[in-house]
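J.: I have a structure I would like to understand better, so I am pasting it below and will then ask my questions one at a time.
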Amino acid sequence: MKIEENFPLRQLNTFGIEAFARYFAAIKSEDELIEAVSGKFRSDKVLVIGDGSNIVFKGDFDGLVMKSAMRGIRIIPEHDLDNPLVEAHSGESWQNLVDFALSNGLYGIENLAAIPGSVGAAPVQNIGAYGVEIRDVLHSVEAIDIRSGKSIAFSNSECEFGYRHSIFKGALNGRCFVTKILLKLSKTPSFKIDYSGLRQKLSSAGSQLSARLIAGTIEKIRRERLPDPSKIGNCGSFFKNCLVTEDAYNELKCRFPAIPGFEESSGLIKIPSAWLIEECGWKGYRRGDAAVYPGHALILVNYGNAAGADILTLAEEITGSVYERFGLMLELEAQVI
Ligand SMILES: Cc1cc2nc3c(=O)[nH]c(=O)nc-3n(C[C@H](O)[C@H](O)[C@H](O)COP(=O)(O)OP(=O)(O)OC[C@H]3O[C@@H](n4cnc5c(N)ncnc54)[C@H](O)[C@@H]3O)c2cc1C
């Protein structure tokens, strides 16, 4: 395993922010991982990254950055034939796993098509889109404790999933290197298309409705709505949506009759943060190369040479003005490093 020094991270984060890692290693196996975190780096600062599509570097990282290069996706043989277990290593791209499921006639993750990033980060973030989250299909996660070098397995419930949240961002934040995940997919279709205009786009499909069609339609919608990180630096939604009680929502509705709200299965009401940010006049705002994407107020963008500090200052100002106007505190979805 090669450990490189003063390694540039600009190509390794979709925001395109310039930052350097004191040390960097691409990790191809569990043995390499254990070697990397034993000895010299055991007590040092260590950061695990995937494809850098949900992180913001506020400066250089004075420690070891590790990126999973562990590859491989397979169906576990002779398991439950109706609900096969699919094993995927953390260095695979999430889209490779979606394509694998589609090619093998396995259902459950078609709505998560075209989410950037790696397999390893997917349970960390509990990725979600179009009414589906990875927790709906996740069987288990295998990881290595960075401090002890020991393997740990987490069942679905042990991952403590929440909205864009898991134990890996909570109690075990920074402690685990996810090596692989197991998904329980289905051989029987059960499509979820009641979300955000998806049913309307698929209305003419009739009996032609398939996982591939759903995934393709979602990819197209996403291409139209979201900035392509290879052209404009961004990390998707910068803020989480706000979740409030029904009483709190009704109070807000009296003061701001147009405020949208969607009931969640938890009973809480989800208020789209993009609406709040837009109401405060930020959509399309640009200062230097840091800006709010004109097509979607939840997405902060880097038009070229914004530093992490420029993005974070803008985010703080947005948070302040939303709080002042609506009394709601925006939470970051992106991880600040
Ligand atoms: C254009 C765009 C659209 C997006 N749309 C969505 C969306 O619809 N839904 C959604 O949920 N997200 C979305 N995202 C966010 C992003 O795609 C996900 O959060 C994704 O899971 C991040 O994967 P990554 O490999 O890039 O992780 P990184 O950004 O590299 O890391 C994210 C976090 O995971 C940790 N991590 C990464 N790999 C590992 C590992 N192997 N072991 C332990 N910890 C690890 C990191 O330490 C960090 O805390 C979008 C991003 C972009 C740029």
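J.: State the number of residues belonging to region 162-193 that are out of contact with any Phe, Trp or Tyr (no Cβ under 9 Å at 6 or more places or on another chain) and away from the ligand (no atom under 12 Å from the Cβ).
T.: Summing the residues that are out of contact with any Phe, Trp or Tyr (no Cβ under 9 Å at 6 or more places or on another chain) and away from the ligand (no atom under 12 Å from the Cβ) in region 162-193 gives 5.
J.: When Gly128 is evaluated against the numbered criteria (1) more than 11 Å from the ligand (Cβ to nearest atom); (2) surrounded by fewer than 21 Cβ atoms within 10 Å (Cβ to Cβ), which criterion, by number, is the only one it fails?
T.: Of (1) more than 11 Å from the ligand (Cβ to nearest atom); (2) surrounded by fewer than 21 Cβ atoms within 10 Å (Cβ to Cβ), only one is false for Gly128: (1).
Conditions tested, residue by residue: (1) in contact (Cβ under 8 Å) with a residue 60 or more places away in the chain; (2) among the acidic types (Asp, Glu).
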site	(1), (2)
Thr14	yes, no
Glu32	no, yes
Ser53	yes, no
Val56	yes, no
Lys67	no, no
His79	no, no
His89	yes, no
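J.: Any residue in region 324-331 that is touching a residue at least 24 places away in the same chain (Cβ under 8 Å), among the acidic types (Asp, Glu) and either closer than 26 Å to Gly162 by Cβ or away from the ligand (no atom under 15 Å from the Cβ) (or both)?
T.: Yes, because at least one residue in region 324-331 is touching a residue at least 24 places away in the same chain (Cβ under 8 Å), among the acidic types (Asp, Glu) and either closer than 26 Å to Gly162 by Cβ or away from the ligand (no atom under 15 Å from the Cβ) (or both).
J.: Name every residue in region 67-113 that is of a type in the set (A, V, I, L, M) and assigned to a loop (DSSP other than H, G, I, E, B), in order of residue number.
T.: First pass over region 67-113, keeping only residues of a type in the set (A, V, I, L, M): 69-70, 73, 75-76, 81, 85-86, 88, 97-98, 101-102, 106, 109, 112-113.
Correct list: Ala69, Met70, Ile76, Leu81, Leu106, Ile109, Ala113.
J.: Restricting to region 303-337, count the residues that are β-branched (Val, Ile, Thr), in contact with a Leu (Cβ under 9 Å, 6 or more places away or on another chain) and part of a helix (DSSP H, G or I).
T.: Applying the first criterion (β-branched (Val, Ile, Thr)) to region 303-337 yields 311, 313, 318-319, 322, 336-337.
With in contact with a Leu (Cβ under 9 Å, 6 or more places away or on another chain) added as a condition, the list becomes 311, 318-319, 322, 336-337.
Now narrow it down to the ones that are part of a helix (DSSP H, G or I): 311, 318-319, 322.
The number of residues fulfilling the criteria is 4.
J.: Starting from residues that are in a strand (DSSP E or B) and not aliphatic (A, V, I, L, M), keep the ones in region 261-289 and report whichever is farthest from Thr245 (Cα to Cα). Break it down into steps so the answer makes sense when it comes.
T.: Of region 261-289, the ones in a strand (DSSP E or B) are 262-263, 269-271, 286-287.
Retained after the next criterion (residues that are not aliphatic (A, V, I, L, M)): 262-263, 270, 286-287.
On the way: Phe262: 11, Glu263: 10, Lys270: 9, Arg286: 33, Arg287: 35 Å.
Looking at the filtered set, the residue picked out is Arg287.
J.: If you scan region 64-117, which residues turn out to be closer than 20 Å to Ser155 by Cα, of a type in the set (S, T, N, Q) and within 16 Å of the ligand (Cβ to nearest atom)?
T.: Answer for region 64-117, where residues must be closer than 20 Å to Ser155 by Cα, of a type in the set (S, T, N, Q) and within 16 Å of the ligand (Cβ to nearest atom): just Ser90.
J.: If I go through region 237-260 residue by residue, how many of them are assigned to a loop (DSSP other than H, G, I, E, B) and either surrounded by fewer than 18 Cβ atoms within 10 Å (Cβ to Cβ) or touching a Leu at 6+ places or on another chain (Cβ under 7 Å) (or both)? Steps first, answer last, please.
T.: Our first condition is that a residue be assigned to a loop (DSSP other than H, G, I, E, B); within region 237-260, this holds for 237-238, 240-241, 245, 256-260.
Next, only the ones that are either surrounded by fewer than 18 Cβ atoms within 10 Å (Cβ to Cβ) or touching a Leu at 6+ places or on another chain (Cβ under 7 Å) (or both) stay: 237-238, 240, 245, 256-260.
Matching residues across region 237-260 total 9.
No lab work stands behind these numbers, since they all come straight from the coordinates. The shown structure was predicted, so the numbers you read here are calculated from the model rather than taken from an experiment. Cβ atoms come from the backbone with ideal geometry, glycine included; neighbour counts cover every protein chain shown.
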